[in-house]
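Report on one structure; see the data block that follows.
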Amino acid sequence: MDVRALLDVMHIAERLKDEIRHCTTSKGRPESVAEHSWRIALMAFFMRDEFPELDMDKVIRMCLIHDLGECFTGDIPSFLKTAADEQREDDTLARWVASLPAPYCHDMAALYTEMNALETPEAKLYKALDKMEAVIQHNESPIETWEPHEYQLNVDYAWANVAHSPYLTKLRQAIKEDTLAKIAENQAKA
């Protein structure tokens, strides 16, 4: 890639460092979209031995690019995002991806198509990690930052996304246990 084109892409991607997500970090600081994307990519890296049949480099690429549309539209929490919001993000992202130099425009478009279809094992794993990381982050954030509906959401969220894998189901169960322990600890203090 031409160095100027690379810098243009990096300048767009940098926006995710300032794009704040709904959740906070363990110290109560608002989490950025870039931090979320980095951590699900790290999760995928550490799961390579659990899924040796998968193309984990592809999963990591999916994790790294999955929220690039939010460079243009901002982050909208999943419980507030409408179909119209998703369409606007998808359309804006598709225009930007199409503007990238070859072969990146084609490679990224193919990844987004695969990710949206959620039919391949790689796409299913990326989506499960995306959703579970959000719950992990909530479990790490101060409970005072949780909205009332999030107590149950953090117990119920992402189960359908892990059902295809015994390992992911076990991980989701451990995350649920952490959620319930956090809620119980908070109730004991009250």
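Coordinate-derived values only; no laboratory data. Since the structure is predicted, the reported quantities are computational estimates derived from the model, not experimental observations. Using ideal geometry, Cβ is built from the backbone for each residue, glycine included, and neighbour counts are taken over all protein chains shown.
Annotations
- Residues of segment 144-170 satisfying the condition of being aliphatic (A, V, I, L, M) and either crowded, with 16+ Cβ neighbours inside 10 Å or touching a Leu at 6+ places or on another chain (Cβ under 6 Å) (or both): Leu153, Ala158, Val162, Leu168
Results for (1) more than 19 Å from the chain's Cα centre (by Cα); (2) farther than 16 Å from Asp130 by Cβ, shown as yes or no for each residue.
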site: Tyr151; (1), (2): yes, yes
site: Asn154; (1), (2): no, no
site: Asn161; (1), (2): no, no
site: His164; (1), (2): no, no
site: Ala174; (1), (2): no, yes
site: Leu180; (1), (2): yes, yes
site: Ala184; (1), (2): yes, yes
site: Gln187; (1), (2): yes, yes
site: Ala190; (1), (2): yes, yes
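- Within segment 21-49, the set of residues being of a type in the set (Lys, Arg) and under 11 Å from the mean Cα position of the chain (by Cα) comprises Arg21, Arg39.
- Residues of segment 6-20 classified as of a type in the set (A, V, I, L, M, F, W, C) and in contact (Cβ under 8 Å) with a residue 12 or more places away in the chain, total: 5
- Residue in segment 29-44 that is polar (S, T, N, Q), within 25 Å of Val97 (Cβ to Cβ), surrounded by 13 or more Cβ atoms within 10 Å (Cβ to Cβ) and in contact (Cβ under 8 Å) with a residue 24 or more places away in the chain present: yes
- Some residue of segment 95-107 being under 23 Å from Asn161 (Cα atoms), of a type outside the set (A, V, I, L, M, F, W, C) and over 14 Å from the mean Cα position of the chain (by Cα): no
- Considered as a group, the residues in segment 129-143 that are in a helix (DSSP H, G or I), of a type outside the set (Val, Ile, Thr) and out of contact with any His (no Cβ under 8 Å at 6 or more places or on another chain) include one that is surrounded by the most Cβ atoms within 10 Å (Cβ to Cβ), and that residue is Leu129.
- Spans of helices (runs of 4 or more DSSP H) in segment 52-119 with at least 3 residues of a type outside the set (Val, Ile, Thr) and touching a residue at least 60 places away in the same chain (Cβ under 8 Å): 56-65
- Remark: pairs (first residue in segment 152-177, over 14 Å from Lys124 (Cα atoms); second residue part of a helix (DSSP H, G or I) and hydroxyl-bearing (Ser, Thr, Tyr); Cβ separation under 8 Å; 6+ apart in sequence or on different chains) = Asn154/Thr179; Val155/Thr179.
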